[in-house]
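**Q** Dropping the structure in here first, questions after.
The values are calculated or read from the model by the stated rules, or taken from the named source; none is laboratory data. The shown structure was predicted, so the numbers you read here are calculated from the model rather than taken from an experiment. All Cβ positions, glycine included, derive from the backbone under ideal geometry; neighbour counts span all protein chains shown.
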Amino acid sequence: MPVIKLAFLDVGQGDTTIITCPDTHEAIVVDCIDSNAALDYLKKEQVTQLRGVIITHLHADHYKQTANLLYNYEGCEVLAITKHIPNPRYLKGEKILKQWPADRDGHSTEFEQPPVKNKGSLAKLYQWCQDNKKKCKLILADSNVLLPIQGNIAQSLKVLHPTSFDLPDLKRCELNDISIVLQVTGTRASALLTGDLEPSGWQYLKGQNDELKSDVLKFPHHRGAWDEAKTDDLLSVVQPSIVVISVGSNNRYDHPHTDVFDALQKQRDLRLLCTQATDKCQTPVQGERDNVIVQFQKQSVKDNSFFLLPGKMQCPCAGSVIIELRDTPVIIQPNTAFHESLISVHFKKHKCFIRTAAL
Amino acid sequence: MPKHNKSENITENDFSSQEPKFFLQYLQHEQWGKRVRLIVTPKENYIPKNSYLIDLTRTLWNQTFNMTNEVLMAILGWDVSNAWVIEHTKSLDVLTKFIQDIPIPHELSEQDCQILTNAVLTLEEAKQSMSPVACHAQDKIDTILRKAYHLDDSTFQRLRQVTQWMDKSYITLDVQPDLNKTNWFTSGVVENVVAANSQVQLWVDEFDDIQTVHIVPSMPGWMLRPGAAFLTKFPRTFRRHRKIDPENIDWAYFHSQPYMYMSEEELLTGISQYFVRPPQ
């Protein structure tokens with residue numbers, strides 16, 4: 001298998017993850033809430049083939065800028081979504097949104113009653129689908145459904161969740177629980193991308209898959225029901241050496257929760273990388289923002305790292321996280337010494353740690 | 001007329017002449033389908049696999065140009081000719097009509113021709129190895145022909161990529177987005193109309209702050225309604241600075257966003273119809 005590069009872009013609250021294969025200049029984007037950031041990164045990586053964009057689930061903090069990306073990068077081959085929108089042929093007359101109960105941190109309320117701005121994102125996506133019908137593909141983790149993405153990079157990708165078998169049961173859960181879960185494998189190291197999966201969905205994923213052990217875990221990012229015990233269970237099965245949390249400083253979901261930090265701290269040889277710092281790291285975290293950004297700008301000049309100017313209320317911690325999946329996972333970005341120094345100087349109340357074993 | 005044969009059918013007689021031979025090499029790529037390139041060779045025993053032999057004698061060009069075989073090989077084996085062939089490979093029959101129209105540079109001096117001849121002979125001796133001598137000879141050909149064809153850096157790099165197309169599967173001929181031009185697709189909503197100041201306040205996707213612009217005659221009338229959703233294109237510098245430059249807005253790019261009359265439920269239903277289970 002070729003080396004695979006994973007980038008968890010620092011886009012605030014939500015996900016924009018880019019999988020690239022440096023040998024073939026291919027890429028797959030998983031969720032997109034900042035198309036400008038995604039395009040900048042694709043350009044930096046000299047990507048010539050965007051093999052597909054996958055939306056893990058239709059919450060605005062995962063699809064918001066997908067249409068912008070697709071319209072601004074005309075060469076994208078596939079847009080893939082799982083079957084979490086009931087097909088009208090099978091569910092005629094059923095209320096599409098009402099069948100999914102609101103999740104515990106309430107962010108599906110934002111989805112159910114979006115302001116005109118969020119509705120605009122959906123309208124754009126609808127327009128793109130209309131214009132590009134042949135590029136719209138369904139993703140399911142069923143063994144008889146092939147991954148609808150072409151190219152060498154597709155061989156590094158495995159869809160683990162949801163299966164059509166589980167979908168009827170999952171309808172009783174939250175929309176987060178049918179997030180597409182992907183396992184990405186490089187030369188030997190692997191990563192588990194979990195979307196917004198919550199513990200109820202995790203049980204289904206665990207029940208269907210024996211091989212969930214992965215070197216890198218993209219932590220499902222809402223507080224939801226991830227208490228310490230359930231986080232322990234997740235970590236004990238996946239056994240990651242690196243956990244990435246894509247989080248916004250100004251998120252209103254109390255994410256990441258203290259229980260998650262507590263569970264993570266119990267794991268030996270684990271490196272935690274949060275894209276942004278929150279008030280749990282420094283109160284108020286906004287007070288550190290400007291100084292931290294200056295540090296990042298200097299560092300990006302020094303080591304040519306990928307840096308995005310964050311939004312007004314956002315303060316980076318690890319910033320954009322880039323990991324290469326070789327025989328073992330290699331953290332390309334952030335620079336360890338820089339990150340460690342940043343935490344110790346600016347985030348006095350931090351709950352994370354840096355250990356050398358995973359470096 | 002030129003004739004073409006599949007390589008399996010090429011006979012020894014086809015190589016009786018010492019004239020250069022021209023091959024169109026086809027490659028079936030798993031993702032890209034067929035690719036084709038022009039190969040010029042004087043070697044009698046060199047027949048690339050999956051190739052068509054284009055039996056073209058240099059007489060096609062002799063009538064107009066007084067060149068040595070080596071100069072002709074340098075030109076026809078170079079990036080411009082290769083791109084020309086690719087451009088016209090929709091049909092082999094059509095291609096053979098076009099091939100004699102390959103653009104030949106007119107500005108080659110005697111000294112240029114001598115250098116090209118020596119470089120081709122050097123390359124032939126090196127048998128396409130990547131030895132320093134071969135690389136040096138190729139550099140000489142590149143320098144002379146770039147000048148003769150008046151190619152700027154980007155055009156040359158593009159043509160070279162096309163030449164390398166077959167060996168490097170990731171190279172695409174699709175138009176790549178030019179991120180520096182005024183072509184950044186985005187959208188927004190009219191937040192407020194401040195008629196007293198002749199201003200409109202816009203919320204723009206991916207911008208932090210509300211953007212204020214002046215009402216001008218070229219602004220579409222429907223934008224004077226708060227809540228109106230629009231699609232537009234900006235220079236990416238606007239996005240990079242997270243700020244619109246009001247003096248450089250092209251209102252012709254502003255269009256009312258369609259489908260905003262639909263409820264979110266209807267939009268999702270609409271999207272869902274495009275994502276169906278593939279046939280087993």
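**Q** Let me confirm something: among B:I104, B:I141, which residue is of a type in the set (A, V, I, L, M, F, W, C), more than 30 Å from A:G151 (Cα to Cα), modelled with pLDDT of 80 or more and assigned to a loop (DSSP other than H, G, I, E, B)?
**A** Checking each option against the conditions leaves just B:I104.
**Q** When the residues of segment A:247-272 are narrowed to those that are in contact with a Cys (Cβ under 8 Å, 6 or more places away or on another chain) and buried (at least 22 other Cβ atoms within 10 Å of the Cβ), which ends up modelled with the lowest pLDDT?
**A** Restricting to residues being in contact with a Cys (Cβ under 8 Å, 6 or more places away or on another chain) and buried (at least 22 other Cβ atoms within 10 Å of the Cβ), the top hit is A:P256.
**Q** Okay, moving on. What is the one condition in (1) surrounded by fewer than 19 Cβ atoms within 10 Å (Cβ to Cβ); (2) at pLDDT below 85 that B:D245 does not satisfy?
**A** (2)
**Q** Across segment A:117-158, what is the number of residues that are outside any helix (DSSP H, G or I) and under 30 Å from A:P2 (Cα atoms)?
**A** Qualifying residue count for the region: 18.
**Q** Which members of segment A:135-188 meet the condition of being within 14 Å of A:L205 (Cα to Cα), of a type in the set (D, E, K, R) and in contact with a Ser or Thr (Cβ under 8 Å, 6 or more places away or on another chain)?
**A** The answer is A:D142, A:K158, A:D177.
**Q** While we're here: Of the residues that sit in segment A:326-349 and are crowded, with 20+ Cβ neighbours inside 10 Å and in a loop (DSSP other than H, G, I, E, B), which one is modelled with the lowest pLDDT?
**A** By that ranking, first place goes to A:F347.
**Q** Just need a number here: residues in segment A:287-311 that are part of a helix (DSSP H, G or I) and either of a type in the set (G, A, S) or buried (at least 16 other Cβ atoms within 10 Å of the Cβ) (or both).
**A** 9
**Q** Related question: Can you tell me which condition A:Q314 does not meet? The list is (1) modelled with pLDDT under 90; (2) part of a loop (DSSP other than H, G, I, E, B), and all the others hold.
**A** So A:Q314 meets the others, but not (1).
**Q** Further, regarding this structure: So which strands (runs of 3 or more DSSP E) are wholly in segment B:195-280 and hold at least 2 residues that are under 30 Å from A:K134 (Cβ atoms) and out of contact with any helix residue (DSSP H, G or I) (no Cβ under 6 Å at 6 or more places or on another chain)?
**A** Once the strands (runs of 3 or more DSSP E) in segment B:195-280 are filtered for at least 2 residues that are under 30 Å from A:K134 (Cβ atoms) and out of contact with any helix residue (DSSP H, G or I) (no Cβ under 6 Å at 6 or more places or on another chain), what remains is B:229-234.
**Q** Next question, about the same structure. Just a yes or no: is a residue in segment A:27-44 modelled with pLDDT under 90 and in a loop (DSSP other than H, G, I, E, B)?
**A** Checking segment A:27-44: not a single residue is modelled with pLDDT under 90 and in a loop (DSSP other than H, G, I, E, B).
**Q** Tell me which of these A:C173 doesn't satisfy, since it passes every other one: (1) more than 14 Å from chain B (Cβ to nearest Cβ); (2) closer than 25 Å to A:I4 by Cα; (3) over 17 Å from the mean Cα position of the chain (by Cα).
**A** (2)
**Q** While we're looking at this one, here's another question. Just the residues that are more than 20 Å from A:A67 (Cβ to Cβ) and more than 7 Å from every other protein chain (Cβ to nearest Cβ), please, taken from segment B:245-277.
**A** Scanning segment B:245-277 gives B:D245, B:P246, B:E247, B:N248, B:I249, B:D250, B:W251, B:A252.
**Q** Taking B:S187 as meeting all but one of (1) in a strand (DSSP E or B); (2) within 11 Å of chain A (Cβ to nearest Cβ); (3) more than 34 Å from the chain's Cα centre (by Cα), write down the number of the exception.
**A** All conditions pass for B:S187, except number (3).
**Q** Mind listing whichever residues of segment B:192-209 are among the charged types (D, E, K, R) and surrounded by 19 or more Cβ atoms within 10 Å (Cβ to Cβ)?
**A** B:D205, B:E206 - these are the residues of segment B:192-209 that are among the charged types (D, E, K, R) and surrounded by 19 or more Cβ atoms within 10 Å (Cβ to Cβ).
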